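The values are calculated or read from the model by the stated rules, or taken from the named source; none is laboratory data. The structure displayed is predicted, hence computed values, not measured ones. Backbone-built Cβ (ideal geometry, glycine too); neighbour counts: all protein chains shown. We work out accessible area using only protein heavy atoms, side chains counted, and drop any ligands, DNA or RNA first. Shrake-Rupley method; radii C 1.70, N 1.55, O 1.52, S 1.80 Å.
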Amino acid sequence: MEKKFYELPELPYGYKDLEPYISEEQLKIHHDKHHQAYVDGANALLKKFDERGAGEEFDLKAVSKELSFHVGGFTLHKLFWANMGPAEKCGGEPTGLIAEYIEKDFGSFERFKKEFTQTAVSTEGSGWAALTLCRGTDRIFIMQIEKHNVNAVPGFRLMMVLDVWEHAYYLDYQNRRPEFVEAFWNLVNWDEVNRRMKVWLDSPL
């Protein structure tokens, strides 16, 4: 059986399509350079697994930790690109399934937006803000994910993510992370969030 490797996914829109909130230059560097680096890092580690032989020194703990970092970076970026879209088609208040869950678990979109924004802005160093869905309790939660692989909860499926590593916004916003987070709300693809929720809720446990 042929072994597969990770590939950089194409963006679901053009490099200029998120302007003025994310510039063409910022998006191109983020996607083509940073996301590609996680693809390359993950594939290099997969080759280490493939090439290990009997009697050879192989630090499984170190390689596995590094693999989780790179695969986490690959996966989170793939989700990030898809849960954004051009402002003329996206942003605003959510509708559908996600709106129902927000009303149930947060009381209002204003409360949800405030808590998600606070989570993103207050993430220490490099990391992500994430909206997750726990099927065990039928609740949505907001989480901080440090780096790409710390504080993730097994079984909590990711519905929406926001990259707050400096490489995600520094060309456009320098050190003004709150401005970048506020700009993100103009780009949220709620249709994609609803699609992810439906797929997860309809899938067998």
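At a glance:
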item: For LYS147, distant residues with modelled amide H under 5 Å away; result: SER126, GLY127, TRP128
item: Reachable lysines from LYS104, criterion Cα separation under 25 angstrom, eight or more residues apart if same chain; result: LYS113, LYS114, LYS198
item: Protection proxy ranking of 188-198, 167-177 - average other beta-carbon atoms within 10 Å, highest first; result: 188-198, 167-177
item: Choice from GLU66, GLU182, GLU51 showing the highest fluctuation, given a GNM over the chain with Cα pairs closer than 10 Å; result: GLU51
item: For region 44-200, accessible area per residue (1.4 Å probe, heavy atoms of protein chains only), Å²; result: 51
item: DSSP-loop trypsin sites (Lys or Arg not before Pro) across region 20-79, with at most 15 other Cβ within 10 angstrom; result: ARG52
item: Carbon/sulfur fraction of accessible area - the chain, other protein chains in place, 1.4 Å, %; result: 51
item: Region 73-192, dipole about Cα centre (Lys/Arg Cβ +1, Asp/Glu Cβ -1), debye to the nearest 20; result: 280
item: Modelled label reach - GLU24, point 7 Å along Cα→Cβ, region 67-90 residues with backbone N closer than 19 Å; result: 85-88
item: Cα→Cβ-extended label distance, 7 Å offset, between ASP40 and ASN151, nm; result: 2.9
